[in-house]
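Have a look at the structure below before the remarks.
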Amino acid sequence: TGTFICDKNSDGTPKYVIKNLKVFNDAGEKFGHQVGKASSYVDYVAGKNKWQAGLFGWTDGATIENIAILNADITNTVLGQIQMNSDFSLNPEQDAMGTGVLIGCADNTTVISCMASGAINSKTNHTGGLIGIICGGSVSYSYSTATVNSTGLWGIGGLVGTCEADLSCCYATGNVMGAGQDSNNGGLVGSLSDTS
């Protein structure tokens, strides 16, 4: 929560940048998440799981402005899959995971004039070059050139994986590679809903 803003140069660019950010979330590997096995998510704790990866794992009510992240290397091994298995057991919180260079999961967050470059390799649902998933708030005047590669089943995008917020004056140029039979992939946004 709170505010994270970088000072600007006279031309409006960030005065400082974050270089060579490396984030590795090994939860999926460590706890042996498996397709179709809800019991493999033994690390799940309602409202407190650690299934996000990014400079900020999770934000809520935050304002982030003028942040530039160059040459990031983000890896998330948490396994994204469908909610219900063939035996009718439920996989826990498939929407409480996310991977992005800036933010993994964002609730009611305002992002202004931010950029990201580098590479993302993720197994999660909701993977984006800048933000994995944003619910409420807005993203404006921001872009990503990061390469996005995810095997998650939905919400894989060049800028935002899943967007349920206002999006304006943004772009993405990185390659997006998504797998999974129910995958929603997009050059800018993987899955877009409830926005204006």
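Odds and ends about this structure:
- Counting only heavy atoms of the protein chains and using a 1.4 Å probe, Lys30 has close to 140 Å² of accessible surface.
- Share of Cα-Cα pairs in the chain lying beyond 23 Å, as whole percent: 36
- Placed amide H near His126: partners under 5 Å, 5+ positions off or other chain: Trp154, Gly155
- Distance distribution P(r), region 1-80, all Cα-Cα pairs, bin width 5 angstrom from 0: 3, 13, 17, 18, 16, 12, 9, 6, 3, 2, 1 percent.
- The apolar share of the surface of the chain, taken as the fraction of accessible area on carbon and sulfur atoms (1.4 Å probe, ligands and nucleic acids excluded), comes to 51 percent.
- 1.4 Å probe accessible area per residue over region 71-157, in Å²: 28
- Taking every protein chain into account, the 1.4 Å probe leaves Ile82 with about 60 Å² of accessible area, to the nearest ten.
- Using only alpha carbons, region 73-139 has a radius of gyration to Kirkwood radius ratio (Rg to Rh) of 1.05.
- Stretch in the chain that is longest and holds no chymotrypsin sites (Phe, Trp or Tyr not before Pro) that DSSP places in a loop and that have at most 14 other beta carbons within 10 Å: 89-196
- For the chain, calculated [θ]222 nm from helices alone, where every DSSP H run of n ≥ 4 adds -39500 (n - 2.57): -500 deg cm²/dmol
- Of Ser142, Ser89, Ser113, the one that fluctuates the most in a GNM where the chain has Cα springs shorter than 10 Å: Ser89
The values are calculated or read from the model by the stated rules, or taken from the named source; none is laboratory data. From a predicted model like this one, the values you see are computed outputs, not experimental measurements. A quick note on method: Cβ atoms are made from the backbone with ideal geometry, for glycine too, and the neighbour counts reach across all protein chains shown. The accessibility values were calculated without ligands, DNA or RNA, using every heavy atom of the protein model including side chains. Shrake-Rupley method; radii C 1.70, N 1.55, O 1.52, S 1.80 Å.
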